[in-house]
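Written out below as structure tokens is the structure these notes cover.
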Amino acid sequence: MIVTLLISIGIISLISVFLAILLVIADATIGNYGVVKISINDGSKELEVQGGQPLLKALNQEGVFIPSACGGRGSCGMCKVRVVGGGGDYLPTELPWISDEEKEKNVRLSCQFKVKQDVAIVIPEELFLVKEFKTTVESIRDLTHDIKEVRLRLKEPAEISAKAGQYIQFEVPEYELTDERVYRAYSMASSPDDKNHVELEIRLVPNGICTTYVHQHLKEGDEIIINGPYGDFFLRETDKHIIFIAGGSGMAPIKSMLLDMEKKGITRKASYFFGARSKRDLFLLDEMRALEEKMPNFSFIPALSEPQEEDNWDGEVGLITDVVRRMVSEGANSEAYLCGSPGMIDACIKVLDEVGVLPENIFYDKFS
Amino acid sequence: MMKQTVEFDKIQQQMQKGVITLNGFLGDDKRKLVDILESDNLTVKNLRRTHEAIADRMEYFRKSGTEGLGEFITVDENFEVKVETVRGMLPSPFGGKGMYGKANTTVRNKKLDKSVVFTDLHIHFIGDHGFYEGKGSPFRLEPEELITVLEVPVVEE
């Protein structure tokens, strides 16, 4: 009986060892795609990477940064890339993000698409300008009860070349809310003229991985990695009147554009409608008033939707959309630049349409 | 007594850390999904509410709060509500074709001086599946707290 039992255990152990060896061999052969080539933009750049990894990660490791706000989890839909050679079928995880039109152009979600053979891709040329920067936190200050301004000094490289209105990705290191590094996108609030610094305005989001890190853990002197610049939200070169609309941390790209206008001596008529609930949610009023002094054609119009008694507010009252409806009169000759949540952007577009701003003259940075 | 089916095993796998979200939906809760659902179901039943009634109330504040365009707005005198959207969308671990926006709705009950924060995915979780996330999950919602802060009405038998 015991002998039979021992033989059985021996046989089972042998089978287990055999299966384990098979798995190791399979992993090293079937799952090993070797070195594969990525040809970018008709061969203008060629990379050799380890096969089998997501395209986003492979590019990232070679210093080609594709914007992504979810750390490669397929939940932000930002990291789209055209795969014009070597692509296979779409994965179910890509499909919710890809429109029919994009399918025709072979647009793939680079965080989900794995490079298993030589591929040819097409990316916007400006992504070649995107770099990774080592930075030091130079200062942190409270703008409101839930928005902090973080000023980063660039160390390596020491300069960034960006357009006012663009954004960077902030790398959050491992800490209590995350056991891996994650990236989140934030618009730059600083003037592009100051190439050695990047300023961010970060609003605390409940349980937000990056915002909690910035609000509760980040200290002056800390080292932070960012990459960028990204985005096509920047001031167009026309002579139209400018309508800026943004509240909360949406002020960041607008402030950058205004500082840029001031530096470049752009004298176009511009109005900035800034929406907040009460006085405690307003910030950078002195800076905005100083810009009004320097730029005679610029007016800053803060509006409170629910001013408190103690605010003693004698400015505009109402939702920012109501204020825009009341005050904008030359819509047809205007361009609008909006930054905020999808709900806010959609509501503003509706009002801008009512006051005559043409759809092609409305530009926005939607937080989605 | 519900049984943990193979389908539930698959859903529970989707809820693990790093699959759909970095932190997953289960926290350090080691129970089977069916037991988590059963436990919260009992709590809600004992409080004479339903998951649907709780989700309806959440949806009401989500819709009302949207009008604040990202800032707090007063709703029904006793509540302050803010709906904030961050970049991205998430699929449900329960499957289905829908994607859910990453919108955080904060509801502050002024009388009680208490707040709750929930996402669009939570409204789906609770209304469609009676799921409040596992214990220890950073986004876990306690049914009792939701009912209290949102003033979810008693459901008559």
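What follows is calculated from the coordinates using simple rules that are stated; it is not laboratory data. The structure presented is a predicted model; accordingly, all values stated were derived computationally and were not measured. We place every Cβ from the backbone using ideal geometry, glycine too, and count neighbours over all the protein chains shown.
Mean separation of Cα pairs under 8 Å and 6 or more residues apart, divided by the residue count, gives chain A a relative contact order of 12 percent. With a Förster radius of 30 Å applied to the beta-carbon distance between A:E174 and A:Q61, the computed FRET efficiency rounds to 0.95.
Each of A:S75, A:V115, A:N60 was placed along the dipole of segment A:50-120 (beta-carbon charges, centred on the mean Cα), and the one lying farthest toward the positive end is A:N60. For the Cα trace of the protein assembly as shown, dividing Rg by the Kirkwood Rh returns an Rg/Rh value of 1.02.
Relative contact order, whole percent, for segment A:94-195 stands at 16, derived from Cα pairs under 8 Å and 6 or more residues apart. Residues whose amide H comes within less than 5 Å of that of A:A270, counting only those at least five positions distant or on another chain, are A:I242, A:F298, A:S299 (H built at 1.01 Å from N in the peptide plane). In terms of the mean number of neighbouring beta-carbon atoms within 10 Å, the peptides B:57-66, A:42-51 order highest first as B:57-66, A:42-51. A simple spin-label model places the labels of B:K45 and B:H129 2.0 nm from each other, with each point 7 Å out along Cα-to-Cβ. Rounded to the nearest 20 debye, the dipole size of the protein assembly as shown about its Cα centre is 1040 debye, using +1 on the Cβ of Lys and Arg and -1 on the Cβ of Asp and Glu. Ranking of A:H197, A:H217, A:H145 by neighbouring Cβ atoms within 10 Å, starting from the fewest: A:H145, A:H217, A:H197.
Taking all Cα-Cα distances within segment B:1-143, those exceeding 18 Å account for 58%.
Among residues other than A:V182 with Cβ under 11 Å from its Cβ, the summed charge is -1 (Lys and Arg +1, Asp and Glu -1). Each Lys and Arg adds +1 at its Cβ and each Asp and Glu adds -1 at its Cβ; summed about the Cα centre, segment A:225-368 shows a dipole of about 300 debye. Residues within the reach of a label modelled at A:R236 (point 7 angstrom out along Cα to beta-carbon, backbone nitrogen below 13 Å), restricted to segment A:301-345, are A:332-338.
Decide, for segment A:137-180, between rounded, prolate and oblate: order the square roots of the alpha carbon gyration tensor eigenvalues as a ≥ b ≥ c, take rounded if a/c falls under 1.5, and otherwise choose prolate if a/b is larger than b/c, else oblate. The shape class here is oblate. Principal axis extents of the C-alpha atoms in segment A:208-305 (largest first, rounded to whole Å): 42, 33, 22. Between the helical axis of B:51-66 and the longest alpha-carbon principal axis of chain B there is an angle of about 50 degrees.
Against chain B, whose longest principal axis comes from its Cα atoms, helix B:33-46 is set at around 40 degrees. Between rounded, prolate and oblate, where does segment A:8-137 land on the alpha carbon gyration tensor, with a ≥ b ≥ c its root eigenvalues, rounded for a/c under 1.5, else prolate if a/b exceeds b/c? Prolate shape, in that a/c is at least 1.5 and a/b is the bigger ratio. Overall, segment A:1-151 carries a charge dipole of about 320 debye about its Cα centre when +1 sits on the Cβ of Lys and Arg and -1 on the Cβ of Asp and Glu, all other atoms neutral.
Using a Gaussian network for chain A with springs between C-alpha atoms less than 10 Å apart, which of these wobbles most: A:P124, A:P229, A:P173? Result: A:P124 has the largest fluctuation of those listed.
Once you've got the GNM for chain A with C-alpha springs shorter than 10 Å, pick whichever of A:T144, A:T135, A:T178 has the biggest mean-square fluctuation. Of A:T144, A:T135, A:T178, the Gaussian network model singles out A:T178 as fluctuating most.
Per-residue 3J(HN,Hα) values for segment A:74-88, derived from phi via the Karplus relation 6.51 cos²θ - 1.76 cosθ + 1.60 with θ = phi - 60°, read x, 10, 10, x, 8, 8, 6, 9, 7, 9, 9, x, x, x, x Hz in sequence order (x marks Gly and Pro).
Helix hunt in chain A: which complete DSSP H runs extend at least 20 Å axially by C-alpha with mean Kyte-Doolittle at least 0.5? Qualifying helices, which must be both long enough and hydrophobic enough, are A:2-29.
The share of Cα pairs per 10 Å bin across segment A:124-261, counted from zero up to the longest distance, runs 12, 44, 34, 9, 1 percent.
Taking the DSSP bridge list for the protein assembly as shown and keeping only pairs wholly inside it, about 70 percent are antiparallel.
Computed from the Cβ-Cβ distance with R0 of 30 Å, the FRET efficiency linking A:Q117 to A:L19 stands at 0.55.
The calculated FRET efficiency for the pair A:L129 and A:R326, based on their C-beta separation and a Förster distance of 41 Å, comes to about 0.50. Only helices enter the 222 nm calculation for chain B: every DSSP H run of n ≥ 4 contributes -39,500 (n - 2.57), and dividing by all residues gives -10000 deg cm²/dmol, rounded to 500.
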